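Read-outs: derived from the displayed coordinates by stated rules, not from any lab. Predicted, not measured: the structure shown is a model, and the values here were computed from it. Cβ: placed from backbone, ideal geometry, glycine included. Neighbour counts: every protein chain shown.
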Amino acid sequence: MIPFRFLHAADLHLDSRFSGLVHISPAIRSYLRESTFAALGRLVRVAIQENVDFIVISGDVYDVSDASLQGQLRFQEALKELGQQGIHVFLIHGNHDPLDGLRLTTEMPKHVTVFGGERPDLATAYRRKDGQEVAIVSGISYPTAKVTDNTAVTFSRKPGSRLFHIAMLHGNVDGDLLHETYSPCSRRDLIERGYDYWALGHIHKRSVLHEKPAIIYPGNIQGRSIKETGPKGCYVVDVDEAGSATPQFHELDYVRWQVRDLSIEGLSNEAEWIQRVEQVIDDIREELPELMSVVRFRLIGRGDVHKVLAEKGAAEDLLSELQRREAVRAERKDYKGLVWVEGFAVESGLAIDRERLLEEDSFLGEMLRITERTEHSTEALEELINSALKPLMENQELRQLLSVTSQEEKLSWLRNAAEQGITMLGGMEGAPEDEN
Ligand SMILES: [Mn+2]
């Protein structure tokens, strides 16, 4: 087999609107809006620098089926640059940009192969420097937004060909419940098709599901919400003489999303807490000086500061101040190293002597004992939650909303309720008060 190198990306979601973010300054919003395009620009540079022979893009090029004209023009521009370098691009459409929803106004250039929606067609990929045949690439697009058939099983190798085989599929392998179960299939289905590399798309979290054959989700190229944390990018894959594929991850994102845990333990007052938050923000600036960061702080641990957080709304106050400061940076076009705090999730609690309270003959003691018992028994949890929710269940809409509540969510309600109880009752029963 002739060694070659290709780039595998998916879920570009060009022209994502980031509509979920509120209270955001216009300058930051427009920077976010530009980020998917900027990540595409980096993809083109990586492809050229790494000297890849071709590129495969496994669906969801555009964020919405009614692809914006801007999205299309910017994509065309990127394709043109790749074409000038002789880099061929294979692509499929996914559930966000199905074939029937596109307002595609421009013809695809000759160096771009778009696979149709009927069956996985086969195409040949060539090595750039000498035009030798190196791989068979096969793919299938979404004809409409909802594909619920297992299309993976319709892939088959080119009869008689011993070339490296790459399959492009936009779908949900092994039922990831966090994403729509489109093109559902199992790892086993994929392995059985006899392909060498499954270039997947759809799940935005990067993962290597299998090594030989390689079954890989590169994830999206730019995180778009607090659910899409960590570095985002693409894989550059080297295939050697023996047909072994070695993927190497390349970061492409301009805006990095992250959730940071921040413990309030050992902090004695609000000022110390603010200092710690500011310290972490400086740390992030230092860690990622080239990127904009969007951060959610998860406040955890137990301590006196919890009272200020829970009762005085300290987190909201600090949040608006932090956002104001970063908005000023954005006005100066100082986007690199900008750290936008998206919010605080208060999951901390008051400093309590839990063991002592559990023994105590008091309302709080009884409440903690019930919590303890309920936490460790599914039946007890169901019973408690059902009786608490009874009045709400009489409303049909609420009933529907509540019917999809997971066990985990119920547990977190229970724990939150217990913490609120401790905060509210703790003061009354002589728990440590603020000293001032
Ligand atoms: Mn997607």
Label the stretch 72-145 by shape, choosing from rounded, prolate and oblate, from the square roots a ≥ b ≥ c of the eigenvalues of the Cα gyration tensor; if a/c is under 1.5 it is rounded, and otherwise prolate applies when a/b is larger than b/c, oblate when it is not.
-> oblate
Unit charges at the beta carbon, dipole of the stretch 261-351: most positive-side option, 267, 289, 310 | 289
The stretch 327-341 to the stretch 43-80: how many Å between their Cα centroids?
-> 27 Å
In cubic angstrom per residue, the convex hull of the stretch 359-436 built on its Cα atoms measures 126 Å³
Under 5 Å between amide H atoms, partner at least 5 residues away or on a different chain: which partners does residue 296 have, H built in plane at 1.01 Å?
-> 258, 259, 260, 342
Potential extension, residue 246-residue 363 segment - 0.36 nm per residue separation minus Cα distance = 36.0 nm
Can you give the convex hull volume of the alpha carbon atoms of the chain per residue, in Å³?
-> 182 Å³
Dipole magnitude of the stretch 132-283 about its Cα centre, charges +1 at Lys/Arg Cβ and -1 at Asp/Glu Cβ only, in debye to the nearest 20?
-> 760 debye
Give the residue from 172, 70, 183 lying farthest towards the positive end of the charge dipole for the chain; charges sit on Cβ (+1 for Lys and Arg, -1 for Asp and Glu) and the dipole is referred to the Cα centre.
-> 70
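Which net charge results when you count Lys and Arg as +1 and Asp and Glu as -1 among the other residues whose beta-carbon is under 11 Å from that of residue 283?
My count for the surroundings of residue 283 gives -1.
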Mind checking which aspartates and glutamates have their Cα closer than 17 Å to the Cα of residue 312? Skip sequence neighbours fewer than 8 apart in that chain.
-> 270, 272, 304, 321, 347, 419, 433, 434, 435
Mind checking the dipole of the chain: about its Cα centre, +1 per Lys or Arg Cβ, -1 per Asp or Glu Cβ, Debye to the nearest 20?
-> 2240 debye
A chain fully extended from residue 354 to residue 387 at 0.36 nm per residue, minus the present Cα-Cα distance, gains in nm 9.3 nm
The answer for residue 252, listing residues at least 5 apart or on another chain whose modeled amide H is closer than 5 Å to its amide H, is 232, 233, 234
What Rg and what Dmax come out for the stretch 4-253 when only alpha-carbon atoms are used, in angstroms?
-> 17.0, 59
Which value in deg cm²/dmol, rounded to the nearest 500, describes the helix-derived mean residue ellipticity at 222 nm for the chain, given -39,500 (n - 2.57) per DSSP H run of n ≥ 4 and division by the residue count?
-> -11500 deg cm²/dmol
For the stretch 226-268, Rg(Cα) over 2.2 N^0.38 Å is 1.99
Build a GNM of the chain with springs between Cα atoms under 10 Å: which of 171, 41, 233 gets the top mean-square fluctuation?
-> 41
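Would you mind getting me the FRET efficiency between residue 401 and residue 333? Use the beta-carbon distance for r and R0 = 60 Å, nearest 0.05. Let's see the in-between values first.
On the way: r = 43 Å, r/R0 = 0.72.
About 0.90, to the nearest 0.05.
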Sorted by chain and number, the residues with a modelled amide H under 5 Å from that of residue 95, at a separation of 5 or more or across chains, are 60
Any idea what % of Cα-Cα pairs in the stretch 264-392 are farther than 24 Å?
-> 49 percent
Positive-end residue, the stretch 4-253 charge dipole about Cα centroid, Cβ charges, pick of 201, 148, 23 = 23
Using a cut-off of 20 Å between alpha-carbon atoms, which lysines can reach residue 158, once sequence neighbours fewer than 8 places away in the same chain are excluded?
-> 212
Cross-link partners among lysines for residue 80, C-alpha distance below 25 Å, same-chain residues fewer than 8 apart left out?
-> 110, 129, 232
If one builds a Gaussian network model of the chain from Cα atoms under 10 Å apart, the most fluctuating residue listed among 404, 208, 280 is 404
For the stretch 134-224, compute Rh as the Kirkwood radius over C-alpha pairs and then the Stokes-Einstein diffusion coefficient at 4 °C and 1.567 mPa s; write the answer in µm²/s, rounded to an integer.
-> 96 µm²/s
Degrees, to the nearest 10: 26-49 long Cα axis against longest axis of the chain = 40 degrees
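Dipole size in debye (nearest 20) for the stretch 4-253 around its Cα centre, Lys and Arg Cβ +1, Asp and Glu Cβ -1?
200 debye
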